[in-house]
Amino acid sequence: MDELPEFERKVLDALREPLESGEIIISRANAKVCFPARVQLIAAMNPSPTGHYQGILSRSNPQQVMRYLNRLSGPFLDRFDLSIEVPLLPQGVLSQRREEGESSQSVRQRVLNARELQSKRSGKVNAQLSSKEVESNCKLNPEDALFLEHALLKLGLSVRGWHRILKVSRTIADLSGSEEISRSHIAEALSYRCMDRLLLQLYKAVG
C-alpha cells in the first residue's frame, strides 16, 4: 500500500481484524463465511503532506504534520511489526563509490537458519506465535523486562505492542544464532518503531 494516509480511514481500520486474526469473516443473514487472510502487509508513506517534517525542506508545522498522520489510527499502526524511517541520503553518497555490504546469499542463509530454529522451537515462525506462546518462547530476565516496560510506557504502546516487540526481538536473536533474547536485541526491535517515536515528538511539539 503506497501513500498510506491517502486511503480512507474506514478502509484502513477494516484491515485491523484480518491483520490480527489472519482471517476475513463475512456474515450475512443466511450464511457466515471465513476466508484465510494471513498476509504480509507492506506500506509506505511520507512523514508529512510536503514529504518532510523537519529541516529546511519542511514546509509543514507540527500541527499540519499531526493532522496528516492522524489519518492513521493508533490501533491500525500498532499492527505493524516494523516501521522504519528512510532518511535523505547525505551529500556525496550518490557520486561516491559504495562499499559492498553483506551478500544476498549470506542474508538468505541466515534467514533460512532462523526459520529452521523457529520451526524446531514452536512449529511455526515467530510472527504467528499466540500470546501464550510469546510468554513461553520470548522470555526476558527481570531487568530486561523492566527496561522494555519503561520503553513502552514512554512510547505509549499497548500490550499488543509489547507482544510484537518481543516477537521481533526473538527473531533478531534467532538471526544472530542466540538462544536467549538480550538487551541489544530488545533495543534493536525498539529502533524499528519509527512511527511511535515520531508521533511522540509531534505530540510534545504541539503541546
**Fill in**
In whole angstrom, largest first, the equivalent ellipsoid semi-axes that the Cα gyration tensor gives for the stretch 33-128 are 34, 26, 10
**Complete:** To the nearest 0.05, the calculated FRET efficiency linking residue 83 and residue 28 through their beta-carbon distance, R0 being 30 Å, is 0.25
**Request:** Using a 1.4 Å probe over the heavy atoms of the protein chains, calculate the carbon and sulfur portion of the accessible area of the stretch 15-79 as a whole percent.
**Result:** 52
**Request:** Step through the residues of the stretch 6-21 one at a time and calculate ³J(HN,Hα) from phi using the Karplus curve (6.51 cos²θ - 1.76 cosθ + 1.60, θ = phi - 60°), rounding each to whole Hz and writing x for Gly and Pro.
**Result:** 7, 6, 4, 4, 5, 5, 5, 5, 5, 7, 4, 5, x, 5, 7, 9
**Message:** Suppose every Lys and Arg Cβ carries +1 and every Asp and Glu Cβ carries -1, with no other charges. What dipole size does the chain come out with about its Cα centre, to the nearest 20 debye?
**Reply:** 380
**Request:** Name the lysines eligible as straight-distance cross-link partners of residue 167: C-alpha to C-alpha under 22 Å, and not fewer than 8 places from it in the same chain.
**Result:** 120, 124, 132, 139, 154
**Request:** Report, in deg cm²/dmol and to the nearest 500, the calculated mean residue ellipticity at 222 nm for the chain, where each DSSP H run with n ≥ 4 adds -39500 (n - 2.57) and the sum is divided by the residue count.
**Result:** -14500 deg cm²/dmol
**Message:** As a test question: what accessible area, to the nearest 10 Å², does residue 195 have when a 1.4 Å probe is rolled over all protein chains in place?
**Reply:** 30
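Where only protein heavy atoms count, and the probe is 1.4 Å, what is the accessible area per residue for the stretch 53-169 in Å²?
Per-residue accessible area for the stretch 53-169 comes out at 70 Å².
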**Prompt:** What Kirkwood hydrodynamic radius, in Å, does the stretch 110-151 give when the mean of 1/r is taken over all pairs of distinct Cα atoms and then inverted?
**Reply:** 11.5
**Ordering of 1-11, 178-188 by burial proxy (mean other Cβ atoms within 10 Å per residue, highest first)** = 178-188, 1-11
**Asked** Given H placed on each backbone N at 1.01 Å, which residues far from residue 37 in sequence or on other chains put an amide H within less than 5 Å of it?
**Response** 23, 24
**Message:** From the C-alpha coordinates alone, can you work out the Kirkwood hydrodynamic radius of the stretch 111-207, in Å?
**Reply:** 14.0
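The values are calculated or read from the model by the stated rules, or taken from the named source; none is laboratory data. Here the structure is a predicted model, which means the values were calculated and not measured. Note that each Cβ is placed from the backbone with ideal geometry, even for glycine, and that neighbours are counted across all protein chains shown. Please note that ligands, DNA and RNA were not included when accessible areas were found on the heavy atoms of the full protein model with its side chains. Shrake-Rupley method; radii C 1.70, N 1.55, O 1.52, S 1.80 Å.
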